[in-house]
């Protein structure tokens, strides 16, 4: 459960909270004259909110730890990321709304190309198109074995998710992906005594499925990884008394939102403006709006600082749409840093802006940047505390003790 | 184990980290115009690194807690100081490279002077010289009793370490030092049922040893304190995959470094410049360099702010020697504060500077001082997180979760 001390204090007063997440928002400046993307971007609206509200910076997991997207989002949502772990298979299944219940096992799959000796020669089957991959994946979906039910669904192009449902299953199984070409897929083996049955059944299924694909011209094999089951996360409604909704363009963020019990909007407008208009459309239906902007992270990973800055500017320009909704609380932050200089996620603290015009405490900072956030009134704090701050500023937490 | 979540993330990429420790670095300024030693000192090199890198301040143990040198160093090295405890005896033995294994017991000893009724009249035997004390301590080393092996070694002047090795020993024993003159040494007693055997054997040895010294003119007695055994600290190599070395002038810091598995250089140059040149000499042999500067603390304890500032200036002037080595990460901090105004260790946060030109995030601070560190981009954080930050900025930690 997210902080158990919150539960008895909850007061569902109908106020609304927006958590606007710019994926990989944080950047770095390697020299005193250097600028992060957030500092480089022209952001009059964000700077006004920074001046009016409170800044701070968050530690996603622990100091020095670079988070993957899964744990970073769990922390954002208030789930201690060292305690709650979501396997990739469960996350991917949730992302495409494929049911994985407690006791089912799910994994991610890639179509691949085998040579005549069943060595992998292309781990992504030549990046086969979505349309060409669809019938191959449907062939896999037809492969069934006794004692369990198997469901396969295409994610995108060569990628799919497999779910096995039955009695006594356990996800402690290794990946079959050898992570290199020229080698055969790895043998699937039980990684714990409890997963022996799963290993046996999954191996049966794999053998049968290899035969079914044998005649395919390109996608004549597949690789599985990230076996997992439902992580059993307490739902937002239960943990926070919030009717929550996820507005995101990418499946993985929809997935993690579903796992914490959020509704997920499928028909989402494009870009920041599109997403904000989607929030506006559903404004009366929910208390909590998780809005996820992906491309700040993508440009960071590409090392494209100006591209990342441009996305931040788009967010800034679209902000009035959200402000006109008069949320009680607007939080703008990232799940982790993705400095363009490092072209990857990083451990650096994440800029955090809290704007709650009826309850916030203005600090001395007047610009939304890494350097200003480091001096902000909220200090440096773990991301797992964000929900507490949001609930408090929304008037949704009663006094603790008399 | 230091943070167990680090272990699976370690990536030994061969990068190098220097932890430059100015003992007792932190000071205070009692008035707005007041200056700490660090503020008083002229430190162009430190200020340049501060401007380029990130500042912060560390809490050695917990807020308000004044640490001894042992726990302060454990925290620096990433070992939770409330969990791992090194007894003084074990620390002193390690300082002079005297083996104490799990199950042995070690204590610190002082030669002292007894009157005819075996009351202590001088707790340090008139501060007997190193040369005069040596044969007396060698006499003690000859005293053996049945069932155990006893080894005594001189540390400096009247100070020695005793190690007892055998079966079923336990260090839960009180000090014999009465901490005052005119009183007899305290009776040694078991402080737990498990240490009854140790108490009996140690009392036998003490009685026999008193007789051996009875005819000595000055050093005709001794006092024991700080009984301890090997604390069993996980080694640096195991915890961090770092080949680490300690460059220090004083035995106690060599001791704590040995206890975490660092190599210890014996032939260390004098002063900051000497120590930095020693690091240069061994640059190719290690990944992690712990360099310990003692005199900042000594001058702080003496209440000599200018003396402390002078040592900081010496460090500043010698810094180019370290910078020319091009370490991936240079951390400059203290183990605790020793404000000259208080003439003692204190609980105040400790200035912290991190310089990692390929990965750091520059903040708004441009001077290495207590007041600037309090506003630094790294925030205020527990000293036990320093190693995580060092490893991360050295590129030695992989991503956590997918």
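Could you run through the stretch A:7-57 and say how many residues are touching a strand residue (DSSP E or B) at 6+ places or on another chain (Cβ under 7 Å), part of a loop (DSSP other than H, G, I, E, B) and under 30 Å from residue A:399 (Cβ atoms)?
Number satisfying all stated conditions: 2.
For the stretch A:337-352, state whether one or more residues are in the same structural domain as residue A:38 (by TED's automatic domain parsing) and farther than 30 Å from residue B:395 by Cβ.
no
Answer yes if at least one residue in the stretch B:370-385 is crowded, with 23+ Cβ neighbours inside 10 Å and farther than 23 Å from residue B:17 by Cβ, and no otherwise.
Yes, the stretch B:370-385 contains at least one residue that is crowded, with 23+ Cβ neighbours inside 10 Å and farther than 23 Å from residue B:17 by Cβ.
Collect the residues in the stretch B:381-402 that are facing another protein chain (nearest Cβ under 7 Å) and either more than 18 Å from residue A:60 (Cβ to Cβ) or more than 25 Å from the chain's Cα centre (by Cα) (or both), keeping them in residue-number order.
Matches in the stretch B:381-402: B:397, B:399, B:400, B:401, B:402.
Sort through B:284, B:304 and tell me the only one that's without any contact (Cβ under 8 Å) to a residue 12 or more places away in the chain and more than 14 Å from chain A (Cβ to nearest Cβ).
B:284
With the structure loaded, tell me whether residue B:281 is assigned by TED's automatic domain parsing to the domain that holds residue B:75, farther than 19 Å from residue B:95 by Cβ and buried (at least 22 other Cβ atoms within 10 Å of the Cβ) or whether it fails that test.
So residue B:281 does not fit the description; no.
Looking at the stretch A:9-25, is at least one residue within 25 Å of the chain's Cα centre (by Cα), surrounded by fewer than 23 Cβ atoms within 10 Å (Cβ to Cβ), within 14 Å of chain B (Cβ to nearest Cβ) and modelled with pLDDT of 95 or more?
no
Please go through (1) in contact with a strand residue (DSSP E or B) (Cβ under 6 Å, 6 or more places away or on another chain); (2) surrounded by 24 or more Cβ atoms within 10 Å (Cβ to Cβ) for residue A:265 and return the number of the only condition it doesn't satisfy.
(2)
Quick one: count up the residues across the stretch B:349-368 that are surrounded by 23 or more Cβ atoms within 10 Å (Cβ to Cβ) and more than 12 Å from chain A (Cβ to nearest Cβ).
Within the stretch B:349-368, residues that are surrounded by 23 or more Cβ atoms within 10 Å (Cβ to Cβ) and more than 12 Å from chain A (Cβ to nearest Cβ) number 4.
Just one of the numbered conditions (1) at pLDDT below 95; (2) assigned to a loop (DSSP other than H, G, I, E, B); (3) assigned by TED's automatic domain parsing to the domain that holds residue B:283 is not true of residue B:65; which one?
Here residue B:65 meets the rest and fails (1).
Kindly establish whether residue A:224 is in contact with a strand residue (DSSP E or B) (Cβ under 8 Å, 6 or more places away or on another chain), crowded, with 17+ Cβ neighbours inside 10 Å and touching a residue at least 24 places away in the same chain (Cβ under 8 Å).
Yes; evaluated as a whole, the condition is true for this residue.
If you scan the stretch A:369-380, which residues turn out to be facing chain B (nearest Cβ under 7 Å) and either free of Cβ contacts under 8 Å to residues at least 40 places away in the same chain or more than 14 Å from residue A:35 (Cβ to Cβ) (or both)?
Answer for the stretch A:369-380, where residues must be facing chain B (nearest Cβ under 7 Å) and either free of Cβ contacts under 8 Å to residues at least 40 places away in the same chain or more than 14 Å from residue A:35 (Cβ to Cβ) (or both): A:374, A:375, A:379, A:380.
Which residues, taken from the stretch A:386-395, are out of contact with any helix residue (DSSP H, G or I) (no Cβ under 8 Å at 6 or more places or on another chain) and buried (at least 18 other Cβ atoms within 10 Å of the Cβ)?
A:388, A:389, A:390, A:393, A:394
Within the stretch A:98-111, is even one residue within 15 Å of the chain's Cα centre (by Cα), touching a residue at least 40 places away in the same chain (Cβ under 8 Å), more than 10 Å from chain B (Cβ to nearest Cβ) and not in a helix (DSSP H, G or I)?
no
The values are calculated or read from the model by the stated rules, or taken from the named source; none is laboratory data. Computed from a predicted model, the values in this text were never measured in an experiment. Here Cβ is always computed from backbone atoms with ideal geometry, including for glycine, and neighbour counts include all displayed protein chains.
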